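Following: one structure in C-alpha coordinates, then a few remarks.
The values are calculated or read from the model by the stated rules, or taken from the named source; none is laboratory data. Just so you know, these numbers come straight off a predicted model, no measurement behind them. Methodologically, a virtual Cβ is constructed for each residue, glycine included, from the backbone with ideal geometry; neighbour enumeration extends over all protein chains shown. Quick note on the areas: whole protein, heavy atoms, side chains included, nothing else; ligands and nucleic acids left out. Shrake-Rupley method; radii C 1.70, N 1.55, O 1.52, S 1.80 Å.
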Amino acid sequence: MMRAVCVDVPGGVEDLLLRTVSRPHLKDGEVLIKVHAAALNRADLLQRRGLYPPPPGESDIIGLEVAGTVHTLGPGVMSPWKPDDRVMALLSGGGYAEYVAVPEQLLMPVPSNLTLCQAAAIPEAWLTAFQLLDFIARVKEGEVVLVHAGASGVGTAAVQLVRLFGAVPIVTAGSAEKLKLAEKLGAATGFNYRTDNFVQGVHEFTQGKGANVILDCIGGSNWEKNVSSLAMDGRWVLYGTMGGRTVEGELLGRLLSKRGHLLTSLLRSRNLQYKADLVAAFSHRVLPHFSAQPASLRPVIDSTFKLEDVSEAHRHMEANRNMGKIVIDVNPQIL
Ligand SMILES: NC(=O)c1ccc[n+]([C@@H]2O[C@H](COP(=O)([O-])OP(=O)(O)OC[C@H]3O[C@@H](n4cnc5c(N)ncnc54)[C@H](OP(=O)(O)O)[C@@H]3O)[C@@H](O)[C@H]2O)c1
(Lines give C-alpha, C1' and ligand atoms only; values in the text may rest on other atoms or scores of the structure.)
Protein backbone atom coordinates (compact mmCIF):
# COMPACT_ATOMS: atom_id res chain seq x y z
CA MET A 1 0.00 0.00 0.00
CA MET A 2 1.07 3.65 -0.28
CA ARG A 3 -0.08 7.17 0.51
CA ALA A 4 -1.38 9.15 -2.48
CA VAL A 5 -3.40 12.27 -3.17
CA CYS A 6 -6.79 11.37 -4.68
CA VAL A 7 -9.59 13.42 -6.21
CA ASP A 8 -13.00 11.71 -5.96
CA VAL A 9 -15.04 14.71 -7.05
CA PRO A 10 -13.30 17.33 -9.22
CA GLY A 11 -13.25 20.77 -7.64
CA GLY A 12 -11.35 23.06 -5.31
CA VAL A 13 -8.21 22.52 -3.22
CA GLU A 14 -10.36 20.96 -0.48
CA ASP A 15 -11.05 18.07 -2.87
CA LEU A 16 -7.43 16.86 -2.75
CA LEU A 17 -7.60 13.90 -0.34
CA LEU A 18 -4.61 12.08 1.14
CA ARG A 19 -5.47 8.36 1.15
CA THR A 20 -3.93 4.91 1.41
CA VAL A 21 -4.22 3.09 -1.93
CA SER A 22 -2.59 0.10 -3.67
CA ARG A 23 0.88 0.51 -5.13
CA PRO A 24 0.94 0.58 -8.95
CA HIS A 25 1.44 -2.74 -10.75
CA LEU A 26 4.44 -2.81 -13.07
CA LYS A 27 3.75 -3.41 -16.74
CA ASP A 28 6.33 -4.63 -19.25
CA GLY A 29 9.30 -2.27 -19.43
CA GLU A 30 8.31 -0.21 -16.39
CA VAL A 31 10.33 0.73 -13.31
CA LEU A 32 8.79 1.35 -9.87
CA ILE A 33 10.17 4.54 -8.32
CA LYS A 34 10.05 5.20 -4.58
CA VAL A 35 9.15 8.87 -4.76
CA HIS A 36 11.05 11.35 -2.65
CA ALA A 37 9.59 14.51 -4.17
CA ALA A 38 7.09 15.57 -6.83
CA ALA A 39 6.61 19.01 -8.34
CA LEU A 40 3.49 20.98 -9.25
CA ASN A 41 2.51 22.02 -12.74
CA ARG A 42 -0.24 24.33 -13.91
CA ALA A 43 -1.93 21.34 -15.55
CA ASP A 44 -2.38 19.80 -12.07
CA LEU A 45 -4.80 22.60 -11.16
CA LEU A 46 -6.86 21.91 -14.28
CA GLN A 47 -6.83 18.15 -13.65
CA ARG A 48 -8.02 18.71 -10.06
CA ARG A 49 -10.96 20.68 -11.45
CA GLY A 50 -11.76 17.93 -13.96
CA LEU A 51 -10.69 20.03 -16.97
CA TYR A 52 -7.59 18.04 -18.03
CA PRO A 53 -8.22 14.29 -17.67
CA PRO A 54 -5.25 11.88 -17.90
CA PRO A 55 -4.67 10.16 -21.25
CA PRO A 56 -6.50 6.78 -21.53
CA GLY A 57 -4.85 4.01 -19.51
CA GLU A 58 -2.73 6.37 -17.36
CA SER A 59 -2.94 6.81 -13.58
CA ASP A 60 -5.69 9.16 -12.46
CA ILE A 61 -3.50 10.36 -9.58
CA ILE A 62 -2.28 13.92 -10.33
CA GLY A 63 1.44 14.62 -10.83
CA LEU A 64 3.63 14.88 -13.94
CA GLU A 65 7.15 14.72 -12.51
CA VAL A 66 9.03 13.11 -9.62
CA ALA A 67 12.47 12.31 -8.28
CA GLY A 68 13.31 9.38 -6.04
CA THR A 69 15.09 6.05 -6.05
CA VAL A 70 14.61 2.92 -8.14
CA HIS A 71 12.63 0.37 -6.10
CA THR A 72 11.84 -2.52 -8.47
CA LEU A 73 12.43 -3.31 -12.15
CA GLY A 74 9.41 -4.66 -14.02
CA PRO A 75 9.46 -7.54 -16.53
CA GLY A 76 11.50 -6.92 -19.68
CA VAL A 77 13.37 -3.82 -18.48
CA MET A 78 16.48 -3.52 -20.67
CA SER A 79 18.22 -0.43 -19.26
CA PRO A 80 20.87 -0.79 -16.55
CA TRP A 81 18.86 0.89 -13.73
CA LYS A 82 19.30 -0.87 -10.39
CA PRO A 83 17.62 -0.55 -6.99
CA ASP A 84 18.51 2.65 -5.06
CA ASP A 85 19.70 4.56 -8.18
CA ARG A 86 18.72 8.22 -7.85
CA VAL A 87 16.36 9.02 -10.73
CA MET A 88 13.95 11.66 -11.96
CA ALA A 89 11.12 10.97 -14.39
CA LEU A 90 8.58 12.46 -16.75
CA LEU A 91 5.10 11.07 -16.03
CA SER A 92 1.68 11.06 -17.63
CA GLY A 93 0.26 11.02 -14.08
CA GLY A 94 0.71 9.39 -10.68
CA GLY A 95 3.32 11.73 -9.17
CA TYR A 96 1.51 12.75 -5.95
CA ALA A 97 2.15 9.34 -4.37
CA GLU A 98 4.83 7.34 -2.54
CA TYR A 99 5.43 5.04 -5.53
CA VAL A 100 4.97 5.49 -9.26
CA ALA A 101 5.44 3.14 -12.23
CA VAL A 102 7.29 4.70 -15.19
CA PRO A 103 8.36 3.40 -18.63
CA GLU A 104 12.13 2.85 -18.39
CA GLN A 105 12.84 5.30 -21.26
CA LEU A 106 11.41 8.21 -19.25
CA LEU A 107 13.87 7.94 -16.37
CA MET A 108 16.93 10.19 -16.12
CA PRO A 109 19.81 10.07 -13.64
CA VAL A 110 19.76 12.84 -11.02
CA PRO A 111 22.80 15.13 -11.46
CA SER A 112 25.15 14.31 -8.56
CA ASN A 113 25.18 17.86 -7.16
CA LEU A 114 21.38 18.11 -6.89
CA THR A 115 19.10 16.93 -4.08
CA LEU A 116 16.07 14.84 -4.98
CA CYS A 117 13.85 17.84 -4.13
CA GLN A 118 15.73 19.97 -6.67
CA ALA A 119 15.63 17.15 -9.24
CA ALA A 120 11.83 16.81 -8.95
CA ALA A 121 11.59 20.32 -10.39
CA ILE A 122 13.30 19.33 -13.65
CA PRO A 123 11.44 16.75 -15.80
CA GLU A 124 8.13 18.31 -16.89
CA ALA A 125 9.15 21.98 -16.85
CA TRP A 126 12.57 21.55 -18.47
CA LEU A 127 11.51 18.93 -21.01
CA THR A 128 8.62 21.21 -22.03
CA ALA A 129 10.92 24.21 -22.45
CA PHE A 130 13.49 22.09 -24.32
CA GLN A 131 10.84 20.58 -26.58
CA LEU A 132 9.40 24.00 -27.46
CA LEU A 133 12.76 25.65 -28.14
CA ASP A 134 14.54 22.77 -29.86
CA PHE A 135 12.05 20.32 -31.39
CA ILE A 136 9.32 22.86 -32.24
CA ALA A 137 10.87 26.35 -32.74
CA ARG A 138 14.39 25.17 -33.71
CA VAL A 139 15.93 28.22 -32.05
CA LYS A 140 19.21 29.35 -33.60
CA GLU A 141 22.18 31.20 -32.17
CA GLY A 142 21.67 34.96 -31.95
CA GLU A 143 17.87 34.85 -32.25
CA VAL A 144 15.72 36.86 -29.84
CA VAL A 145 13.21 34.72 -27.94
CA LEU A 146 10.32 36.39 -26.08
CA VAL A 147 9.29 34.19 -23.12
CA HIS A 148 5.94 35.03 -21.51
CA ALA A 149 5.45 34.16 -17.80
CA GLY A 150 9.23 34.44 -17.45
CA ALA A 151 9.21 33.47 -13.75
CA SER A 152 6.96 30.41 -14.13
CA GLY A 153 8.31 26.87 -13.83
CA VAL A 154 8.57 26.53 -17.62
CA GLY A 155 9.68 30.18 -18.02
CA THR A 156 12.64 29.89 -15.63
CA ALA A 157 13.82 26.81 -17.54
CA ALA A 158 13.25 28.42 -20.95
CA VAL A 159 15.27 31.55 -20.13
CA GLN A 160 18.28 29.44 -19.12
CA LEU A 161 17.96 27.15 -22.17
CA VAL A 162 17.75 30.08 -24.59
CA ARG A 163 21.07 31.31 -23.17
CA LEU A 164 22.55 27.80 -23.38
CA PHE A 165 21.62 27.69 -27.08
CA GLY A 166 23.40 31.01 -27.69
CA ALA A 167 20.18 32.95 -28.30
CA VAL A 168 18.86 36.00 -26.42
CA PRO A 169 15.93 35.62 -23.97
CA ILE A 170 13.63 38.53 -23.16
CA VAL A 171 10.61 38.08 -20.91
CA THR A 172 7.28 39.35 -19.67
CA ALA A 173 6.01 38.83 -16.11
CA GLY A 174 3.52 40.39 -13.73
CA SER A 175 5.81 41.94 -11.09
CA ALA A 176 9.18 43.63 -10.67
CA GLU A 177 10.31 40.77 -8.42
CA LYS A 178 9.53 38.17 -11.09
CA LEU A 179 11.32 40.22 -13.76
CA LYS A 180 14.35 40.50 -11.49
CA LEU A 181 14.49 36.71 -11.10
CA ALA A 182 14.26 36.20 -14.89
CA GLU A 183 17.07 38.71 -15.43
CA LYS A 184 19.20 36.91 -12.83
CA LEU A 185 18.68 33.69 -14.82
CA GLY A 186 19.84 35.33 -18.06
CA ALA A 187 17.02 37.43 -19.53
CA ALA A 188 18.49 40.41 -21.39
CA THR A 189 15.48 42.54 -20.49
CA GLY A 190 11.94 42.16 -19.22
CA PHE A 191 8.59 43.91 -19.33
CA ASN A 192 5.86 44.04 -16.70
CA TYR A 193 2.81 43.22 -18.83
CA ARG A 194 0.54 44.77 -16.21
CA THR A 195 2.16 48.22 -16.42
CA ASP A 196 4.25 48.33 -19.65
CA ASN A 197 3.41 47.93 -23.31
CA PHE A 198 5.68 44.99 -24.09
CA VAL A 199 5.26 45.50 -27.86
CA GLN A 200 7.08 48.81 -27.62
CA GLY A 201 9.71 47.24 -25.35
CA VAL A 202 10.35 44.36 -27.78
CA HIS A 203 10.69 46.76 -30.72
CA GLU A 204 13.06 49.04 -28.82
CA PHE A 205 15.19 46.06 -27.77
CA THR A 206 15.33 44.54 -31.27
CA GLN A 207 15.68 47.91 -33.08
CA GLY A 208 12.36 47.44 -34.78
CA LYS A 209 12.95 43.87 -36.02
CA GLY A 210 10.75 42.08 -33.45
CA ALA A 211 11.25 38.74 -31.69
CA ASN A 212 12.25 35.76 -33.83
CA VAL A 213 10.46 33.35 -31.50
CA ILE A 214 7.68 33.83 -28.94
CA LEU A 215 7.02 31.16 -26.29
CA ASP A 216 3.38 31.82 -25.50
CA CYS A 217 1.43 30.16 -22.68
CA ILE A 218 -1.05 33.06 -22.47
CA GLY A 219 -2.99 32.83 -25.75
CA GLY A 220 -6.21 34.85 -26.21
CA SER A 221 -5.59 38.06 -24.27
CA ASN A 222 -2.14 38.53 -25.84
CA TRP A 223 -2.72 37.66 -29.48
CA GLU A 224 -2.55 41.16 -30.93
CA LYS A 225 0.52 42.07 -28.92
CA ASN A 226 2.18 38.82 -29.96
CA VAL A 227 1.63 39.40 -33.66
CA SER A 228 2.89 42.97 -33.25
CA SER A 229 6.00 41.73 -31.42
CA LEU A 230 6.84 39.03 -33.96
CA ALA A 231 9.70 39.50 -36.45
CA MET A 232 9.12 38.83 -40.16
CA ASP A 233 9.14 35.04 -40.64
CA GLY A 234 9.03 34.63 -36.85
CA ARG A 235 7.77 31.53 -34.99
CA TRP A 236 5.00 31.98 -32.43
CA VAL A 237 4.80 28.86 -30.28
CA LEU A 238 1.51 28.49 -28.41
CA TYR A 239 1.67 25.98 -25.54
CA GLY A 240 -0.91 27.24 -23.03
CA THR A 241 -4.02 29.40 -22.84
CA MET A 242 -3.89 31.02 -19.41
CA GLY A 243 -5.16 34.27 -20.96
CA GLY A 244 -8.07 32.72 -22.86
CA ARG A 245 -8.81 30.30 -25.68
CA THR A 246 -10.63 32.51 -28.17
CA VAL A 247 -9.55 35.39 -30.41
CA GLU A 248 -11.56 38.08 -32.08
CA GLY A 249 -10.12 40.19 -34.87
CA GLU A 250 -7.78 39.94 -37.84
CA LEU A 251 -5.40 37.32 -36.50
CA LEU A 252 -4.92 35.57 -39.84
CA GLY A 253 -4.37 38.75 -41.84
CA ARG A 254 -1.92 40.15 -39.31
CA LEU A 255 -0.03 36.86 -39.08
CA LEU A 256 0.15 36.58 -42.87
CA SER A 257 1.56 40.10 -43.18
CA LYS A 258 4.45 38.95 -40.96
CA ARG A 259 4.77 35.65 -42.86
CA GLY A 260 4.52 34.29 -39.31
CA HIS A 261 4.47 30.64 -38.28
CA LEU A 262 1.93 29.71 -35.63
CA LEU A 263 3.09 26.48 -33.98
CA THR A 264 1.48 24.63 -31.07
CA SER A 265 2.51 21.79 -28.83
CA LEU A 266 1.40 19.63 -25.92
CA LEU A 267 3.74 17.20 -24.16
CA ARG A 268 1.52 14.90 -22.10
CA SER A 269 -0.51 13.56 -25.05
CA ARG A 270 2.63 12.62 -27.06
CA ASN A 271 3.32 8.92 -27.56
CA LEU A 272 6.01 7.03 -25.65
CA GLN A 273 8.50 7.04 -28.54
CA TYR A 274 8.33 10.84 -28.88
CA LYS A 275 8.81 11.30 -25.13
CA ALA A 276 11.67 8.77 -25.11
CA ASP A 277 13.40 10.66 -27.96
CA LEU A 278 12.88 13.94 -26.09
CA VAL A 279 14.31 12.52 -22.85
CA ALA A 280 17.30 11.08 -24.75
CA ALA A 281 18.02 14.39 -26.54
CA PHE A 282 17.65 16.36 -23.30
CA SER A 283 19.88 13.92 -21.39
CA HIS A 284 22.57 14.26 -24.05
CA ARG A 285 22.40 17.98 -24.74
CA VAL A 286 21.22 19.63 -21.52
CA LEU A 287 21.60 17.41 -18.45
CA PRO A 288 25.43 17.65 -18.20
CA HIS A 289 25.13 21.43 -17.75
CA PHE A 290 23.40 20.99 -14.36
CA SER A 291 26.51 19.35 -12.90
CA ALA A 292 29.24 21.19 -14.85
CA GLN A 293 31.70 23.22 -12.74
CA PRO A 294 30.45 25.88 -12.45
CA ALA A 295 26.91 24.69 -13.23
CA SER A 296 25.36 26.77 -16.00
CA LEU A 297 21.79 25.55 -15.36
CA ARG A 298 19.78 25.25 -12.15
CA PRO A 299 16.22 24.27 -11.29
CA VAL A 300 14.56 27.23 -9.55
CA ILE A 301 12.62 26.19 -6.44
CA ASP A 302 10.03 28.60 -5.09
CA SER A 303 8.86 26.58 -2.09
CA THR A 304 8.49 23.07 -0.67
CA PHE A 305 5.33 21.65 0.90
CA LYS A 306 4.66 18.35 2.73
CA LEU A 307 2.41 15.83 0.98
CA GLU A 308 -0.29 16.47 3.60
CA ASP A 309 -0.15 20.20 2.71
CA VAL A 310 -0.72 19.69 -1.03
CA SER A 311 -3.87 21.85 -0.89
CA GLU A 312 -1.78 24.79 0.33
CA ALA A 313 0.65 24.19 -2.54
CA HIS A 314 -2.20 24.32 -5.07
CA ARG A 315 -3.55 27.49 -3.47
CA HIS A 316 -0.10 29.10 -3.75
CA MET A 317 0.15 28.32 -7.49
CA GLU A 318 -3.45 29.29 -8.19
CA ALA A 319 -2.74 32.75 -6.69
CA ASN A 320 0.23 33.13 -9.13
CA ARG A 321 2.55 33.59 -6.14
CA ASN A 322 5.29 31.14 -7.14
CA MET A 323 8.55 32.14 -8.81
CA GLY A 324 9.94 28.89 -10.22
CA LYS A 325 8.76 25.50 -9.06
CA ILE A 326 6.67 24.32 -6.12
CA VAL A 327 7.93 20.99 -4.77
CA ILE A 328 6.06 18.39 -2.69
CA ASP A 329 8.24 16.52 -0.22
CA VAL A 330 6.66 13.06 -0.37
CA ASN A 331 9.14 10.89 1.54
CA PRO A 332 11.43 13.23 3.47
CA GLN A 333 13.49 10.37 4.99
CA ILE A 334 15.21 9.48 1.67
CA LEU A 335 18.35 11.49 0.95
N1 LIG B 1 2.01 22.48 -23.79
C2 LIG B 1 2.63 21.76 -22.87
O3 LIG B 1 3.07 20.65 -23.11
C4 LIG B 1 2.84 22.35 -21.51
C5 LIG B 1 3.63 21.68 -20.56
C6 LIG B 1 3.86 22.30 -19.32
C7 LIG B 1 3.27 23.53 -19.06
N8 LIG B 1 2.48 24.12 -20.00
C9 LIG B 1 1.89 25.44 -19.77
O10 LIG B 1 2.92 26.32 -19.41
C11 LIG B 1 2.39 27.37 -18.63
C12 LIG B 1 3.25 27.57 -17.42
O13 LIG B 1 3.15 26.44 -16.58
P14 LIG B 1 3.91 26.39 -15.18
O15 LIG B 1 3.52 25.14 -14.49
O16 LIG B 1 5.34 26.70 -15.42
O17 LIG B 1 3.19 27.66 -14.49
P18 LIG B 1 3.44 28.43 -13.13
O19 LIG B 1 4.78 28.16 -12.56
O20 LIG B 1 2.24 28.23 -12.29
O21 LIG B 1 3.44 29.97 -13.61
C22 LIG B 1 2.38 30.52 -14.28
C23 LIG B 1 2.49 32.06 -14.23
O24 LIG B 1 1.84 32.58 -15.38
C25 LIG B 1 1.40 33.90 -15.11
N26 LIG B 1 0.01 34.05 -15.54
C27 LIG B 1 -1.07 33.38 -15.11
N28 LIG B 1 -2.17 33.78 -15.75
C29 LIG B 1 -1.77 34.75 -16.61
C30 LIG B 1 -2.46 35.57 -17.56
N31 LIG B 1 -3.77 35.46 -17.75
N32 LIG B 1 -1.72 36.46 -18.28
C33 LIG B 1 -0.40 36.58 -18.09
N34 LIG B 1 0.31 35.82 -17.21
C35 LIG B 1 -0.38 34.93 -16.49
C36 LIG B 1 1.53 34.12 -13.59
O37 LIG B 1 2.70 34.91 -13.37
P38 LIG B 1 2.67 36.53 -13.47
O39 LIG B 1 2.71 37.02 -12.06
O40 LIG B 1 3.88 36.83 -14.26
O41 LIG B 1 1.38 36.90 -14.14
C42 LIG B 1 1.77 32.70 -13.06
O43 LIG B 1 2.51 32.69 -11.86
C44 LIG B 1 0.94 26.97 -18.32
O45 LIG B 1 0.09 27.62 -19.22
C46 LIG B 1 0.93 25.50 -18.58
O47 LIG B 1 -0.33 25.01 -18.93
C48 LIG B 1 2.26 23.56 -21.21
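Data overview
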{"read-out": "Cβ crowding within 10 Å averaged over residues, with 180-186, 315-321, 77-83 ranked highest first", "value": "180-186, 315-321, 77-83"}
{"read-out": "3J(HN,Hα) from dihedral phi, the range 73-86, Karplus parametrisation 6.51/-1.76/1.60, rounded to Hz, x for glycine, proline", "value": "9, x, x, x, 5, 9, 6, x, 5, 9, x, 6, 4, 7"}
{"read-out": "Highest-first arrangement of 146-155, 224-233, where packing means the average Cβ count within 10 Å", "value": "146-155, 224-233"}
{"read-out": "Taking the range 126-264 and dividing mean pair separation by its residue count, relative contact order in percent (alpha carbons under 8 Å, at least six apart)", "value": "20"}
{"read-out": "Unit charges on C-beta of K, R, D, E only; dipole of the chain, Debye", "value": "520"}
{"read-out": "Where the range 126-264 is the region considered: accessible area per residue in Å², 1.4 Å probe", "value": "43"}
{"read-out": "Listed residue pairs exceeding 29 Å between alpha carbons, taken from K178/K209; K180/K258; K140/K180; K180/K209; K140/K275", "value": "K180/K258"}
{"read-out": "Rounded percent of accessible protein surface that carbon and sulfur make up, the range 126-264, 1.4 Å probe", "value": "51"}
{"read-out": "Pairwise label distance in nanometres, L51 with E312, each label 7 Å out on the Cα-Cβ vector", "value": "2.6"}
{"read-out": "MRE, 222 nm, helices only [DSSP H, n ≥ 4, -39500 (n - 2.57), over the chain, to nearest 500]", "value": "-7500 deg cm²/dmol"}
{"read-out": "Antiparallel DSSP beta bridges within the chain, as percent of all bridges there, nearest 5", "value": "55"}
{"read-out": "Of Q207, G190, L230, farthest towards positive along the dipole that unit charges on Lys, Arg, Asp, Glu beta carbons give the chain", "value": "Q207"}
